[in-house]
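The values are calculated or read from the model by the stated rules, or taken from the named source; none is laboratory data. What you see is a predicted model, and the numbers here were worked out from it, not measured in a lab. With ideal geometry, Cβ positions are generated from the backbone for all residues, glycine too; neighbour counts draw on all protein chains shown. The accessibility values were calculated without ligands, DNA or RNA, using every heavy atom of the protein model including side chains. Shrake-Rupley method; radii C 1.70, N 1.55, O 1.52, S 1.80 Å.
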Amino acid sequence: MKTEVYTIENPEGPLSERDLAMIARCGDIIKKGGLVAFPTETVYGLGGDALNPASAEKIYAAKGRPSDNPLIVHICEIQAIEKIAQDIPEEARILAERFWPGPLTMILRARDIVPRKTTGGLDTVAVRMPSDVTAREFIKASGGYIAAPSANISGKPSPTTAGYVLEDMDGRIDAVIDGGAGAIGLESTIVDLAGDRIQVLRPGYITDHMLSEALGINVGTDPALLDPNCKERPKAPGMRYRHYAPKGEVIPVRGSADRVFTYITEGLAKAKLEGRKTGVFCSADNADRYDADVVRSAGALDDAEAAAHVFYTTLRDMDDEDVDIIYVENFTDLGFGEALWNRLLKSAGSKWEEA
Ligand code: TXA
Ligand code: MG
């Protein structure tokens with residue numbers, strides 16, 4: 001299969017006539033049961049018709065993903081939840097009004113119209129309304145319900161550009177809409193509104209603090225995410241798999257800034273002696289201080305947004321450069337930093353080192 005690339009002229013909007021015509025063509029591909037990757041404000045999605053079980057099967061095949069790992073249904077207007085979800089709690093309506101369109105996914109009780117292939121066999125459905133202009137126009141052109149996981153091969157870092165989508169998906173899908181780099185860089189927050197209590201199943205840009213404030217209750221995070229040794233399994237099936245992983249070994253280092261710098265410097269020297277190709281992901285201040293084969297940096301250690309924005313790109317760059325060992329400095333794990341730390345731990349196989 002040849003994968004067409006459609007490049008959006010004006011991704012920030014307003015979309016040009018040419019953009020709209022390309023998006024309409026991509027909508028037709030979806031309606032006929034095809035697959036189109038598209039930009040969102042988080043990462044690129046691999047879209048198919050959410051209400052067509054055959055499309056869900058194609059998505060699992062293209063990604064090489066286990067079919068018990070459910071897909072997120074992307075919508076372009078709030079009312080669209082009525083057709084696919086039932087027993088929608090008041091809290092869901094409050095969060096939708098407050099955070100949609102945006103990087104928040106809600107788990108709701110599914111109606112029968114949603115194929116169980118899309119939900120990975122579950123009676124709940126994950127729903128999100130992205131803020132990206134191109135994404136919403138594409139969802140509209142496709143009939144309003146797009147099932148989309150991140151557009152990477154299962155287990156690899158999520159793609160933040162159309163180029164990375166093609167690295168994984170060229171020849172496996174009908175088309176890619178190139179709308180530039182996603183603003184956020186990490187996947188949406190997932191919040192469960194179908195279980196016994198409202199909780200975050202995957203941290204993201206919308207923090208538990210923001211959700212708590214909007215609802216006036218204390219919204220916690222799935223305990224299995226915070227403690228890698230927790231006996232319980234994460235409630236979002238996707239969080240159980242090894243994930244977001246580059247080929248090289250990722251080593252997050254924790255501790256005070258000085259000690260982390262010394263620890264990583266020594267680690268790099270040792271790795272070099274062993275003949276390993278070395279990489280570091282660090283704050284901008286330290287970028288010139290490390291002697292590594294590949295150094296990538298972002299903002300300050302307390303700037304989670306800057307680090308998250310380039311995190312997956314950095315992991316993929318390290319792969320492209322065949323780096324064997326990747327040290328990562330101690331970026332904040334507060335606020336949005338919790339999401340960064342969560343993905344970093346997953347990419348490292350749930351381990352870190354103390355400086
Ligand atoms: O930002 C995002 O959410 C991106 C963009 C493309 O929208 N999408 C994304 O999809 O990250 P994916 O498939 O890579 O991750 C979906 C996560 C998985 O961990 C999956 O297990 C979980 O959502 N999930 C989906 N439906 C669920 C459900 N009914 N109950 C619990 N977890 C669910
Ligand atoms: Mg994913």
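If GLU97, GLU9, GLU321 are ordered by their accessible area, calculated over protein heavy atoms with a 1.4 Å probe, which sequence runs from highest to lowest?
From most accessible down to least: GLU97, GLU9, GLU321.
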Using only protein heavy atoms and a 1.4 Å probe, report how much of ASP319 is accessible, in Å² to the nearest 10.
20 Å²
Under 27 Å from the Cα of LYS156 - lysines, other chains or at least 8 residues apart:
LYS2, LYS58, LYS63, LYS117, LYS231, LYS235, LYS247, LYS272, LYS277, LYS346, LYS351
Which of the trypsin sites (Lys or Arg not before Pro) found in region 5-44 are in a DSSP loop and have at most 13 neighbouring Cβ atoms, other than their own, within 10 Å?
LYS32
At what distance in nm do the modelled label points of ASP28 and LEU273 sit from each other, each positioned 7 Å from its Cα along Cα→Cβ?
6.5 nm
Only Lys, Arg (+1) and Asp, Glu (-1) charged, at Cβ; the chain dipole about Cα centre in debye:
1240 debye
Rank-order 44-51, 219-226, 187-194 by packing density, defined as the average count of other C-beta atoms within 10 Å over each peptide's residues, highest first.
44-51, 187-194, 219-226
Of all DSSP beta bridges with both partners in the chain, the antiparallel percent, nearest 5, is 40 percent
With every protein chain present, what is the per residue accessible area of region 249-354 (1.4 Å probe, Å²)?
43 Å²
Calculated FRET value between LEU226 and ALA257, using beta carbons and R₀ = 35 Å, to 0.05
0.90
Could you tell me the center-to-center distance, by alpha carbons, between region 34-57 and region 166-242 in angstrom?
17 Å
How long are the three semi-axes of the equivalent ellipsoid of region 249-354, in whole Å, if each is the root of 5 times an eigenvalue of the C-alpha gyration tensor, listed from largest down?
20, 15, 13
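Run through region 258-306 and list the GluC sites (Glu not before Pro) located in a DSSP loop whose Cβ has at most 13 other Cβ atoms within 10 Å.
Within region 258-306, the qualifying GluC sites (Glu not before Pro) (loop, at most 13 other Cβ atoms within 10 Å) are GLU274.
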On the formula 1/(1 + (r/R0)^6), with r taken between the Cβ atoms of MET1 and SER350 and R0 of 41 Å, the FRET efficiency rounded to 0.05 is 0.70
Any idea of the accessible area per residue across region 4-238, 1.4 Å probe, to the nearest Å²?
39 Å²
Farthest toward positive dipole pole in the chain [+1 Lys/Arg, -1 Asp/Glu at C-beta], among ALA257, ALA37, PRO101
ALA37
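Cβ under 13 Å from VAL323's Cβ, VAL323 left aside: what net charge do those residues give with Lys, Arg +1 and Asp, Glu -1?
-2
When Lys and Arg each count +1 and Asp and Glu each count -1, what net charge do the other residues less than 14 Å away from PHE311, Cβ to Cβ, add up to?
Spelling it out: positives minus negatives among the neighbours equals -3.
Accessible area of the chain with a 1.4 Å probe: how many percent of it is carbon plus sulfur?
Here carbon and sulfur together make up 48 percent of the probe-accessible area.
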